[in-house]
Amino acid sequence: MEKPQEPEVLTKMVEDQGDWNREHTYAKSLGTPNLGNSGPGADAHHLRPSDVDYNGERGSKKFADGSGNSGSVSGGWYPGDEWKGDIARMMMYMYIRYGDRCKPSGVGVGSTSSTPDDMIDLFLEWNAEDPVSDFERQRNTYHENTSNTYAQGNRNPFIDNAYLATKIWGGTPAEDYWGIYTSNDDEAPTTPTNVSLSNFTTSSIGVSWTASTDNIAVTKYEVYVDGNLNGNSANTNYTISGLNSNTTYAVTVLAKDIANNKSSQSAAVNGTTTIDNDAPTVPTDITITNQTGNGFKASWTASSDNTAVVGYDVFVDGTFNASTANTSYSINGLTESTTYSVSVLAKDEAGNKSAQSTVVNAVTTDGSNNIVELFFSEFVEGSLNNKALEIANLTSNPVNLSAYSIKKQSNGAGNWINELPLSGSIGVNDVFVIIHFEADDAYLVNEADLIAPEGSNFGAPVNFNGNDAVGLFKNGVLIDIVGVLNETAKNFADMTLRRKLTVTTPNTTYDANEWDQYDLGVYDGIGIYDPNTASVNSLNFETIKMYPNPANGNKIFFNLKKDVNVNIYNVLGKLITSEKVNTNNNSIDISNFSKGIYLLKINSGKRFITKKLIKN
């Protein structure tokens, strides 16, 4: 049988040495806690094929310095001259991605005295002494491309440029493959000239200038407003946005080259935004839902504005009731069996207000159908430790969780055990999500309100399996259940259960007719439960389009139907910018971004999706 072509740093390349298997270069047992078989324990960037017998010789020894071939040295393990750099970059990646769970000081023998954290000098030295190989680069590219069957979907940045480690931790300088950190160029570009302003609106001003020159090349320009950096452009024009109406601003520009040399700022040019006298459009389609004996929920279609809508005023019987930035509001403290008139107006940043909407009537109930208790709305028994519980609050008031807890019945027998007290609160028409501490699916992690701690029972009771009944308790009394008590068959293994939207109350006896069943790995409904709008349908959110991608210009644009928040991260996981995007402001300025790959986390309410952006 042909042996794998990917030599493992723990492996002695000897014919017929023995069987091969997949092993962790960051030994699982050296993690804090144990890396397990998901998350860091399943990360492909530190998994390699290994000869079983030879890997047994390494065991869980820490990496230590040596020379020549791989083997034991001074109670540690030396990976060999040809592979020590590979190991260093794997350990750096694991530390950057998983933090204190994968400390370099926990897996290698070295000193942290010259670094700002738990990086050790050993890996910095190896990273510099053994440069990145073509084999590493090919593997890195393979794992970035998710069209490859077994690709993980991300890169190790220290393979892209080993000098990143030097920038972060210091030590022996590694090679700068990008050539932007170790350049000898100390000549600044010339100062931009002929700065001019145009295209004035209530919230933006266009800027243009004559290009600067440089001994090598100008790479970008920085635009300053009233002395503060506003943004960057690779071109000789830029649009300043997010300004106040009828306000004068001083604009200057400077040039930068690839070595980060800066010119002086240009002479300031003053410009004034136009006056905003235009009110937003009137809110439309006012609808009333969630009627109870003491309240209801009003919703409406978003208004538009020449600058930006910042909020809405809600009126009940012609009297101001509340302001909100959302397109819905729950009105409480009302009288049973009573008719109320509701109207809404919109406001913009300049304080302009629309007229009030057409009045609609809302009738509170007689109180007989009031929802008074929390209940389970979703159950996830996913792959590995992707386990989650969702609790919904459809009552008319926020609920303090201090009286509530979760327990399980282990393997369909015995008493309720592993009580997990809850804390915090759930707002009206909101949900509370609890996940296992080793859950690694993005939907579950992003929606989590509580992560069940490892404790002494590995995340219990959120380590349930398919025959563990799970109960929601209030003051020690069972009020809702998922699963059948004293049932040993794994009837609930490898699936997601979602409460039907017609169910609004708990049940201490499991009723399969109250639940919809989904396949293993279906997590996209977690974090949402609204029986009035059936908002578990995330079609509009999931179909958000981003263009152009790859991006060659200064902006990226979004085709969307609802307001979202967009966080953009670089490959090291550092937040680069956070922006609000809507139908009126559907672009983000990326002119100051360096060439490379970025991750965008797009959030609307309690839903998240992630997209990859390439900047050319």
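Quick rundown of the values:
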| read-out | value |
| --- | --- |
| Residue that is outside the structural domain of THR488 (by TED's automatic domain parsing) and not aromatic (Phe, Trp, Tyr), where the choices are ASN393, ASN397, ASN352 | ASN352 |
| Residue within region 88-101 that is touching a residue at least 12 places away in the same chain (Cβ under 8 Å), crowded, with 21+ Cβ neighbours inside 10 Å, small (Gly, Ala, Ser) and assigned by TED's automatic domain parsing to the domain that holds ALA165 present | yes |
| Residue within region 169-178 that is assigned to a strand (DSSP E or B) and among the polar types (S, T, N, Q) present | no |
| Scope region 215-232; condition in a strand (DSSP E or B), farther than 16 Å from ASN194 by Cα, in contact (Cβ under 8 Å) with a residue 12 or more places away in the chain and of a type outside the set (Lys, Arg); matching residues | VAL218, THR219, VAL225, GLY231, ASN232 |
| Of the criteria (1) at pLDDT 80 or above; (2) out of contact with any helix residue (DSSP H, G or I) (no Cβ under 6 Å at 6 or more places or on another chain); (3) over 17 Å from PHE158 (Cα atoms), which one ASP16 fails | (1) |
| Residue match in region 259-268 (condition: part of a loop (DSSP other than H, G, I, E, B), among the charged types (D, E, K, R) and at pLDDT 90 or above) | no |
| Residue count, region 420-455 (criterion: surrounded by fewer than 15 Cβ atoms within 10 Å (Cβ to Cβ) and either of a type in the set (D, E, K, R) or part of a loop (DSSP other than H, G, I, E, B) (or both)) | 5 |
| Answer residue from region 190-233, given it is among the aliphatic types (A, V, I, L, M) and buried (at least 18 other Cβ atoms within 10 Å of the Cβ) and is nearest to ILE180 (Cα to Cα) among those | VAL218 |
| Residue identified as crowded, with 19+ Cβ neighbours inside 10 Å and either outside the structural domain of GLY466 (by TED's automatic domain parsing) or touching a residue at least 40 places away in the same chain (Cβ under 8 Å) (or both) among ALA346, ALA413 | ALA346 |
| Hey, PHE135 of a type outside the set (D, E, K, R), crowded, with 18+ Cβ neighbours inside 10 Å and closer than 21 Å to GLY80 by Cα or not | no |
| Enumeration of residues in region 268-285 that are more than 30 Å from GLN356 (Cβ to Cβ) and either exposed (fewer than 13 other Cβ atoms within 10 Å of the Cβ) or under 33 Å from the mean Cα position of the chain (by Cα) (or both) | ASN270 |
| For PRO461: the one exception among (1) in a helix (DSSP H, G or I); (2) within 15 Å of ALA388 (Cα to Cα) | (1) |
| One residue from ASP185, ASP134, ASP176, ASP160 being more than 32 Å from the chain's Cα centre (by Cα) and closer than 22 Å to LYS595 by Cα | ASP185 |
| Filter result (in contact with an Asp or Glu (Cβ under 7 Å, 6 or more places away or on another chain) and without any contact (Cβ under 8 Å) to a residue 40 or more places away in the chain) within region 180-206 | THR182 |
| Given (1) touching a residue at least 60 places away in the same chain (Cβ under 8 Å); (2) surrounded by fewer than 16 Cβ atoms within 10 Å (Cβ to Cβ); (3) hydroxyl-bearing (Ser, Thr, Tyr), number of the condition THR247 does not satisfy | (1) |
| Scan of region 221-248 for residues that are more than 31 Å from the chain's Cα centre (by Cα) and hydroxyl-bearing (Ser, Thr, Tyr), ordered by number | THR236, SER245, THR247, THR248 |
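Residue by residue, here is whether (1) at pLDDT below 90; (2) among the hydroxyl-bearing types (Ser, Thr, Tyr) holds:
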position: THR166; (1), (2): no, yes
position: ILE216; (1), (2): yes, no
position: THR239; (1), (2): no, yes
position: LYS256; (1), (2): no, no
position: THR274; (1), (2): no, yes
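The values are calculated or read from the model by the stated rules, or taken from the named source; none is laboratory data. This is a predicted model, so every value here is computed, not measured. Reconstructed Cβ throughout: ideal geometry from the backbone, glycine too, with neighbour counts over all protein chains shown.
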